Structures are given as C-alpha cells and as structure tokens.
1. Hey, could you grab the Kirkwood Rh for the stretch 7-62? Inverse mean 1/r over distinct alpha carbon pairs, Å, one decimal.
2. Just to be sure I understand: of the beta bridges DSSP finds with both ends in the chain, what percent are antiparallel, rounded to 5?
3. Apply the Karplus curve 6.51 cos²θ - 1.76 cosθ + 1.60, θ = phi - 60°, to the phi angles in the stretch 189-196 and return the couplings in whole Hz, x for Gly and Pro.
4. Along the stretch 243-252, what does the Karplus equation 6.51 cos²θ - 1.76 cosθ + 1.60 (θ = phi - 60°) give for ³J(HN,Hα), rounded to whole Hz, x for Gly and Pro?
5. Where Rh is the Kirkwood radius over the Cα pairs of the stretch 172-270, the temperature 37 °C and the viscosity 0.692 mPa s, what D in µm²/s does Stokes-Einstein return?
6. Under 10 °C and 1.306 mPa s, how fast does the stretch 231-288 diffuse according to Stokes-Einstein, given a Kirkwood radius computed over C-alpha pairs? Answer in µm²/s, whole number.
7. Which net charge results when you count Lys and Arg as +1 and Asp and Glu as -1 among the other residues whose beta-carbon is under 10 Å from that of residue 140?
8. Using θ = phi - 60° and the Karplus form 6.51 cos²θ - 1.76 cosθ + 1.60, what ³J(HN,Hα) does each residue of the stretch 222-229 get, whole Hz, x for Gly and Pro?
Amino acid sequence: MTGRTMLLDSASLYFRAFYGVPDTVKAPDGSPVNAVRGFLDIIAKLVTDYRPDSLVACWDDDWRPRWRVDLIPSYKAHRVATLVPGGVDVEEVPDALVAQVPVIREVLDALGIPIVGAPLAEADDVIGTLATRADGPVDVVTGDRDLFQLVDDDRDVRIVYTARGMSNLEVVTDAVVQQKYGVRGDQYADFAAMRGDSSDGLPGVAGIGEKTAAALLAEYGDLAGIVSAAEDSASGMKPAARARFAAARDYLAVAPKVVEVVRDLPLPEVDARLTPPTDEQRETLSALSERYGLGGSLDRLLTAVNG
C-alpha cells in the first residue's frame, strides 16, 4: 500500500451506522438497509474529507479471540450471546444488523474495496499489522480508543476518531493523546491496561485512575518499570500504590498482551488502491443498488471515489 492509506474498523462503523440511521430505511423488499446505507455514507464522507489513496475494510474474523479470553476470562464476556466451545463465540448483535452485514460485504466486494481479516484476530490486530506494514501515511478510522496506541507522528499514523459522531470527527495525533491523557502514544497500551475498560471487561488496577497511571508512566517510563518499582522497597513509590500493584500482580502479568494490538499477522498483500469502478463493476453496483435500494448513499460514495 502506497500513498495515504485509510484503515476502517469496520464493525465500529457499521454499528454506528445502524444506530445512527433510522430503521425505517428499507430495501424494496422491506428488509432494513439502514446500516448498509449509513456505512456507505460514512465511507463517502471519509474519502471526500481525507482523500486516501488506498482503503481497506478491516474485519473481526474473531471478535473475541480465545487466546485473549484464556488470559483474561472476563474479556468482552458481557457481550457474548452464545458461547461456542472450540469456535468463535456469538456476539450479542441486533438481528436487523446481523442480516445487513453480508450485504455490506457484498457491496464492498463490488466496489473493489478489500475486506481483510485473519483467524484468531480482531480487526484491531489487522489494523495494527497493516499500519505497521504501510510505507506511507496511515489514517485509522475507529470509535475505539484502544487504537490510540498506534498513533505515531514520526510515521504519520493518525486516528480519525468517530466517538463524537461523523459530523465531529477528531484527528488524534501524539500531541492529542498527550493533551488528553498525559501520555505518549507508545505508552497508551500500558496506560489502558492500568486504567482498565469496563466495555471490554478489563478490570484494570483497582485504585489506579487515569491521572495516577499517567503520573506513574511519566516517572517510570512504562508498565514494566512501574511493576519493578512497586516490587522495590527502595524505589520511593508510595506504599498505597505499591500495595495496589501487588494485588494486581496476576492481572498485570497478562493484561499487556491482551491490550496490545498484534502488529505481525501473516496477512496477504492486497491491492487497496481507490480507483473508479470499471464498467463491469458499475453494472454489478447498479443491480445491487436496485435490489437493496441504496440510492443516494451509493451515488455519493461513487462520486467521492471518482474524485
């Protein structure tokens, strides 16, 4: 991938589309397409505003990898609808959205936008690998602040953060991470492991909030340095903090591996260049638009891609 690459945290975006577009938006057969149309509108806005040369839809082939659950059993446990021994657990997702995900994939395929996932890996890991592999600037589009750990001004890796809505996107750089949390991008994973995250079922270190975590990272550099200081009676760390880290020893032994995104997945090379659709693609897209009632959403995306 050359030029500016845009990596989509696809599930984050189609969930946002599903809840942001009324469910009264339907295909001619009466089936809901609010997530499909909203997802296409999101991509159209992103392409228009940020002009990426390449675009990849990164996918959760396994939204709750067993190896992460084995390390921290509570990991995303509250979002499980059905446990699947030896397989991928079923996530609690509205039926109306489940039905639209294959349509989203069908339209992306027709547009020539590659969908990239990997066994035993979340979209975050795919994003981490592709961002590390890219030989040019990277924009990661997500509503998940865990991916702030990828921010790297030296390599021009930024987060286009969607948590405040598509009309209020925030470009997150090292300076923004420092301003928000008092840590560098390369310290964010350690910061997140200490803080914890109830939305992912990560308990964190009891009694260690964001300000204390940031202060400790400023003093000791990284989580390994903090743990070492906690175990060293001569380090000068306050007894209360020392006790909190002692109590969280087992959690901290595994939390970094769970929180850190994988950056070296064996992903295939893909041609992710954004190019105007061929005549054959246009025929396919026209048929899909008629079948699913994609209307202006698809038209806006095609206009954006055509530049």
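We did not get these values from a lab; they are worked out from the coordinates using the rules stated. Keep in mind the model is a prediction, meaning the values are calculated, not measured. Every residue, glycine among them, receives a Cβ derived from its backbone with ideal geometry; neighbour counts consider all protein chains shown.
1. Values: mean 1/r = 0.0826 Å⁻¹.
So the Kirkwood estimate lands at 12.1 Å.
2. Details: 9 of 25 bridges.
Of those bridges, close to 35 percent are antiparallel.
3. For the stretch 189-196, the Karplus-derived couplings read 4, 5, 4, 5, 5, 6, 5, x Hz, x marking Gly and Pro.
4. My calculation for the stretch 243-252 gives 5, 5, 6, 5, 5, 9, 4, 5, 4, 5 Hz in order.
5. Numbers: Rh = 14.3 Å.
The calculation lands on 230 µm²/s.
6. Result for D is 92 µm²/s.
7. Values: positive: 158; negative: 9, 124, 139, 144.
So the environment of residue 140 carries a net charge of -3.
8. These are the phi-based 3J(HN,Hα) values: 8, 5, 4, x, 5, 4, 4, 5 Hz.
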